[in-house]
Every structure is written in C-alpha cells, then in structure tokens.
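Everything below concerns the one structure shown next.
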Amino acid sequence: MPACTTNPHALAGVIARLNAPDYDRWAAQIRATGGCRQPIHLRGKVEHYDRGTGRLLHCYTTRNEPDGILRLPCKTRRASRCPACAEIYRADTYHLIRAGLIGGKGVPESVTAHPTLFVTLTAPSFGTVHSRCEKNGKVSPCHARRDAETCPHGRVMSCTAKHCLDDPHLGEPLCPDCYDYTGSVLFNALAPLLWKRFADSLRRRLAKLGGLTLKDLREHLTVSFAKVAEYQRRGVVHFHAVIRLDGPGGPAAPPPSWATADALTHAVRHAAHVVSALVPAIDDQPARLLKRGTQFDIRPITLNGDLTEQAVARYIAKYATKAAECVGTLDRRINPLDNLDAFNLREHPKRVIAECLRLATIEDLAELRLANWAHMLGFRGHFSTRSRHYSTTLGALRAAREHHARDHEITTGRLPLFEEDTILVISEWTYAGKGYSVGDQIIAAAIAGTRIRDMAGGAR
Ligand SMILES: [Zn+2]
Ligand SMILES: [Zn+2]
Ligand SMILES: [Zn+2]
C-alpha cells in the first residue's frame, strides 16, 4: 500500500488506479516523468511514413495509453512548482556554467586562461531593514545604535536582536512607513535595463582601454557572461554574473594581450558606477535617477584560489531555480481586483505588491506592466541568462539527454529504428491538462519515493 489517507475520495481513486488493467503502463509513464509534481498531459499521435512509397511504417497514438494521454515532465526551473524538474534544471545549469569556466561540452580547456570574474551587482538601500550579520561564527546585533534616531512615525531606528537565519523579520523594514516602496518596485522593474546598460558600458570601456571603437571591438574581443538574478530578503533583485573575456568569436580564441583581469576589473567598476536609469516624475514625487548599489563585489575565479569554479557554478545553479516566492510573495500572477488580505502574506511583501498595483495605474509607467509582474515584486526579467558564446546551451544538454532516451526506447522496442532521411515523421499533439488527481498523487508519490506533501501543490 503506497501511503495512508483518510480522504475517501482519494482512497477510491487509489483503489481504482491500482486495479486498472493498464496500471503497469500508467506506472511506467509516471516513472518516466522522474517524479514530476505536475506532469503535462498530451493527446496525439506520431506517424512514420516511408518517403519513397508513402507507406505507413509505424504509428504511435495516445489512444492506447492510460486515460488516452501521455504524461511528460513539466520541465519547470522553479523549485517551488516542481522539485524534481527544477533539480534537472539546476544540474544542467551547473554543468553549463562550469563548462564556461574549465572547458568541456564543446568549450576548449584553454578557456581557463581567459580573465574571468565573478561579479555581484547589488541594489541600493530603500530604507533600513532587519538583517543578520555573522562574523567568525558570531552573530552581531541587527542595528544597535546608542543614539538611535526616532523616525517621523515615532519608531526608534534601532534593533538589538540577533536574528536567526529563518527569522521572518529579516529583510523587513525597521519602519515600513519610512521604507521607499516606490523606489524598490521601480528598481526591480528597471533592473533588466540597468543590466543591459551595464553590459553596453562595459564593452565601451573595454574598447577604450584597447584603443578601439566599439564597432571594432568584436574583431578583437568577446565579452561572454552568465548571470543569475537573486531576490534579497527585502524583495529587491540583485545580479550575480560570471564575466569572461574571449577572443573574437568566443572561447576558442584567446583575448588580446591588453585584455587582462585587471583591465576587466577596472571596466566592471567603471560600468557599475556610471550606469543609471531615469524614472519620470510621478504624483508628488520628482523624477529620479536609479543606480546600482554602491557595494559591489568583484572576485577572480581560479581553479585553486578562494573562489573555485565549482563554488561559482553551484551558486549560480542554486539561484537559477528560485524566484520571488522565497521572499514571501505568491507563486502566481495577481489580479488587480484580488483582495490582497486574503492571501495571508506578511506585511512587507504585501506592501510591495500593493505598490506595484498602485504604480501600474500611472500612465507614464504603463510600459513597465507592473500589474502583470506584481507577484515578482516588479521584476520581469529572466532569472538566468547567458550570452551566446558563454558555453553550451540548456537546449543542447536536453537534446543530448533526449537522444539518449530515444536510443533506450529503440533498444527496448518502443520506437522503430529507421534511416532518418528516408522517413517522414508526422506528429500531432494537443495539450490536455496537467497534474494528478488526489488518488493518483498518492501512488505517484510512492513511485517517486517522496512524501505526498512534496507531490502536492501542483496545479491541476
Ligand atoms: Zn515537473
Ligand atoms: Zn532587527
Ligand atoms: Zn518611519
């Protein structure tokens, strides 16, 4: 018996599934999804024809599958939606970040000699928040101030607590009424633009250092990067990036001799300082210039130094599977008509979301589409991106895995083995839903060897 349940509806579902004549095939489908929490249901067929004679050689249809559907993994990158698929995404991201640092997967090993930095671009302050500072294993008080000021709302701007790692107050403002929610939302919304301007400015500075025009730079140098967005506890996005200098066309060629790690460090510092984005005046607030935080961290990545390539790859891959839900917001879009009080959110994320919805009604900010991205606290960029020449792609890693799976299916007799160029393949697929019924969820959890709680939560 897979698991205990007191829900009679679920129990009936479990019994019906276990007794179904096609249970073995259903279980095989579930195993093939690798423990996916919300498998995609497809209906359709694949037909193989002989190009020469037009003869139908083989036909696969989901009509003969359990419930007439094929279940495939959802392939989400988000751990909050499907831990099993996010784990595959994390592992793939790790391998492709690592290949860009030490070679492999089509990247030559000589890439280790290219200047490479790990850069963290922070966000500015929008007000004092509860934080945890640990030095040599000792936690210091949050904001201990002997002559602490009292803010206009009557709150003393001091906190002597030594917050533990999972303290829900971490990242929350000492005074929510003083906190600049407008700035925090606008910064998240403009973070992708700030990154683009940073990358442009970096290239311009490097061109200048090499005595070249920006147009000529690509004949000598390629700036390759892989970046990931991370939400800080206060709900503001910052970026971690691997930035590498290659020769023209990518990692196969060395960068010119003037393009050293020092030159790259200088150019990164310069770009991080000068880049800004202008926000128009809104309501009673004047126009403002948003800039990156003054703190930024630039560290060289070496094979045996403080910051190894494994540590960097692990770090980036970890954040690639996370999104804003880690700071207590919702994992789905919010309708401006929704009652935010009904979501049981903490006050801080609720106020950020409310500010997104308020700013969304201002015409000058319409293009930021803040209502659509309120659940992301205003950020609408990609979480994990790489420039074209960084290393291999997630698509290539996936294709290699699917090719392997196809070989397995051929050797186990499910797919016919034909010469590909003599065959015409026609396939038709339609989406038929996703997830599990409650009964199926219990059996799927038992098959995947996880707790039912880990399987639950996927949309149906
Ligand atoms: Zn999944
Ligand atoms: Zn505190
Ligand atoms: Zn205040």
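The values are calculated or read from the model by the stated rules, or taken from the named source; none is laboratory data. Computed from a predicted model, the values in this text were never measured in an experiment. Every residue, glycine as well, gets a Cβ built from its backbone with ideal geometry; the counts of neighbours run over all protein chains shown. When the accessible area is computed, the model is the full protein with side chains, heavy atoms only, and any ligands, DNA or RNA have been set aside. Shrake-Rupley method; radii C 1.70, N 1.55, O 1.52, S 1.80 Å.
Computed values, structure above
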{"read-out": "Residue ranges of strands (runs of 3 or more DSSP E) in segment 264-307 with at least 1 members touching a residue at least 40 places away in the same chain (Cβ under 8 Å) and among the hydroxyl-bearing types (Ser, Thr, Tyr)", "value": "276-279"}
{"read-out": "Of residues in segment 255-297 being hydrophobic (A, V, I, L, M, F, W, C) and open to solvent by 30 Å² or more (accessible area, probe 1.4 Å), the one nearest to Gly211 (Cα to Cα)", "value": "Trp258"}
{"read-out": "Test: Asp180 is away from ligand 1 (no atom under 16 Å from the Cβ), closer than 30 Å to Ala323 by Cβ, open to solvent by 50 Å² or more (accessible area, probe 1.4 Å) and among the charged types (D, E, K, R)", "value": "no"}
{"read-out": "Residue pairs meeting the criteria (Cβ under 8 Å; at least 6 apart or on separate chains; first more than 14 Å from Pro255 (Cβ to Cβ), in segment 198-211; second of a type outside the set (Phe, Trp, Tyr) and open to solvent by 60 Å² or more (accessible area, probe 1.4 Å))", "value": "Ser201/Val274; Arg204/Leu214; Arg205/His266"}
{"read-out": "All positions within segment 356-369 that are surrounded by 14 or more Cβ atoms within 10 Å (Cβ to Cβ), within 14 Å of Leu337 (Cα to Cα) and not small (Gly, Ala, Ser)", "value": "Cys356, Leu357, Arg358"}
{"read-out": "Residue match in segment 130-141 (condition: at positive phi and either more than 16 Å from ligand 2 (Cβ to nearest atom) or more than 26 Å from the chain's Cα centre (by Cα) (or both))", "value": "yes"}
{"read-out": "Hits in segment 125-149 - residues which are more than 14 Å from ligand 3 (Cβ to nearest atom) and more than 22 Å from Val236 (Cβ to Cβ)", "value": "Lys135, Asn136, Gly137, Lys138, Val139, Ser140, Pro141, Ala144, Arg145, Arg146, Asp147"}
{"read-out": "Subset of segment 150-159 (residues that are part of a loop (DSSP other than H, G, I, E, B) and either within 9 Å of ligand 3 (Cβ to nearest atom) or at pLDDT below 90 (or both))", "value": "Cys151, Pro152, His153, Gly154, Arg155, Met157"}
{"read-out": "Residues located in segment 106-123, provided they are open to solvent by 30 Å² or more (accessible area, probe 1.4 Å), modelled with pLDDT of 90 or more and part of a loop (DSSP other than H, G, I, E, B)", "value": "Pro108"}
{"read-out": "Leading residue by the ranking (nearest to the chain's Cα centre (by Cα)) among those in segment 334-352 that are touching a residue at least 40 places away in the same chain (Cβ under 8 Å) and assigned to a loop (DSSP other than H, G, I, E, B)", "value": "Ile334"}
